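**Student:** Right, I'll just put the structure down here and ask away after.
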C-alpha cells in the first residue's frame, strides 16, 4: 500500500504528497481525527514515501520560516516522486510497522517493553503507548536516535501514536526536540484527542485533520476492496462505525456493540458486580451507550425507525423510548459525556458502574 491507495482522505493525502513534490516537508506534523480513521496508516505510508529508495543521490538542506522548521529535499533531476514504490527494501522494512507485535522479541522483560520503540527500518521509529502512557524514558531514547544522521534513508522519522498519552514529564522533555529539531528529522504525532496535548506542542506542529468517510463512499469501499457483497450490510457497517474504516473492517465491531448493549440492559435491571475489564473497555462502553441513547431520543422525537443507526435493535429501542421523557434522555447523555471525560483520572470501576446504573434507571424511568 502507498499514499495513493488510501481512500477517503483526499485532502490530507494531497497535502502530504504536495509537501514531497514541492520539496518542503515540515519537521513536525500532527495528524488528528477519530480513532480508526487512518491516521497511523497514513503516517507509516508517508514515511515510506519519504525514504523510498527510488529517490537516489539526494542532497538535504534545512531551512526555516516564521512558524515551522522545514526540510527541503533536492534531487539532481529536480523531479521528486511523491509516493512510495512499495517494493524497494526500504518500503518492505517500513511495512513491518503495520504489525509491531512481530518486532517484539519473546524474551523481552516488562521493563524493556515499557521502553520499547519499534524499529523495522534503521531510520523509522514507531512509538506506541504502554498501558496508556508514553513515559519520559521512551522520549529520551527517541530523542537520542533522532540526533544521529539517517543511516539508510533520507530522513530520520519518528511516528508517535497516541501522542496525547505522553505524561507531563515526557511532553515537557519533547518540547526541546520540537523547538530545536535535529537536521534531517521528521516527527509525526498521531492523536485522536489533540486537546490533551500541551498547547506549546500543538503550536510547533503543522496540523493535518482527518475526517470520517461519507456513508456512500465507505459502503462502496467495503464492497469493492474488502469483499462485502451485501450492500445493506455494508451500509449498516458504514453507519455503525461512524465513517471510520478501521472500525468497519474489524470483525468484532458488531460483537463489541452487542456486548455494550448487554451491559446497558444489565444496568437497567438488577445491580450486579461491574464487568468492565479496564479503562479502555469503560471508554468503549460509554461510546456505544451514547450511540444507543441517540437512537432512543431520535425515535422518541420522530417515531421513525429508518432514522436509527442501530436499526437491528429497533424493537428494544422502541420499548425503552416509551418509558422516558426526551428531556431526561438528553440530560442523561450530558451526564454520561461528563463522566467519560473524567475517566482519565482512573475512576473506581465499581463506583462508576453503580452510579451510571442509577442514572440510567432514574432518567429512563425504570424501577429504582
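Read the figures in this text as sums done on the coordinates, not as results from a lab. Note that the structure is a prediction, hence the values are computed from the model and not measured. All Cβ positions, even for glycine, are placed from backbone atoms using ideal geometry, and neighbour counts span all protein chains on display.
**Student:** Report relative contact order for segment 251-363 in percent, whole number only (criteria: Cα-Cα under 8 Å, sequence separation at least 6).
**Tutor:** Once divided by the residue count of segment 251-363, the mean separation gives 34 percent.
**Student:** Taking a ≥ b ≥ c as the square roots of the eigenvalues of the Cα gyration tensor of segment 251-363, is the shape rounded (a/c under 1.5), prolate (a/b larger than b/c) or oblate?
**Tutor:** Since a/c reaches 1.5 and a/b is larger than b/c, the shape of segment 251-363 is classed as prolate.
**Student:** Something else now. As I understand it, the value is the acute angle between the Cα axis of helix 215-225 and the longest principal axis of the Cα atoms of the chain; what does it come to in degrees, rounded to 10?
**Tutor:** 60 degrees
**Student:** Working out 0.36 nm times the residue gap between residue 98 and residue 327, then minus their Cα-Cα distance, what length gain in nm do you get to one decimal?
**Tutor:** 77.9 nm
**Student:** Could you list 282, 189, 196, 218 in order of exposure, starting from the residue whose Cβ has the fewest other Cβ atoms within 10 Å?
**Tutor:** So the residues, fewest neighbours to most, are 196, 282, 218, 189.
**Student:** Sort 313, 225 so the one with the fewest other Cβ atoms within 10 Å of its own Cβ comes first.
**Tutor:** Ordered by Cβ neighbours within 10 Å, fewest first: 225, 313.
**Student:** Shifting gears a bit: Please work out the Cα center distance from segment 24-44 to segment 288-350, rounded to the nearest Å.
**Tutor:** Cα centroid of segment 24-44 versus Cα centroid of segment 288-350: 32 Å apart.
**Student:** Per 0.36 nm of contour for each residue apart, how much would the distance between residue 277 and residue 7 grow if the chain were fully extended, relative to their Cα-Cα spacing?
**Tutor:** 93.8 nm
**Student:** So what is the relative contact order for the chain, in percent, with contacts set as C-alpha pairs under 8 Å and at least six apart?
**Tutor:** Relative contact order here is 16 percent.
**Student:** For the residues 238, 211, what sequence is obtained by ranking on other C-beta atoms within 10 Å, fewest first?
**Tutor:** Least crowded to most crowded, the residues run 211, 238.
**Student:** Let me ask something additional. Which option, (i) 23.2, 76; (ii) 24.3, 75; (iii) 28.2, 99, is the value of Rg and Dmax of the Cα atoms in Å that was calculated from these coordinates?
**Tutor:** Calculated Rg and Dmax of the Cα atoms in Å: the matching label is (i).
**Student:** Between the helical axis of 231-240 and the dominant principal axis of the chain, each derived from Cα atoms, what acute angle in degrees is found, rounded to the nearest 10?
**Tutor:** Here the helix axis deviates by roughly 90 degrees.
**Student:** Also, quick follow-up: Determine the calculated [θ] at 222 nm for the chain from helices alone, applying -39500 (n - 2.57) to every DSSP H run no shorter than 4 residues and normalising by the residue count; nearest 500 deg cm²/dmol.
**Tutor:** Value at 222 nm, helices only, nearest 500: -14000 deg cm²/dmol.
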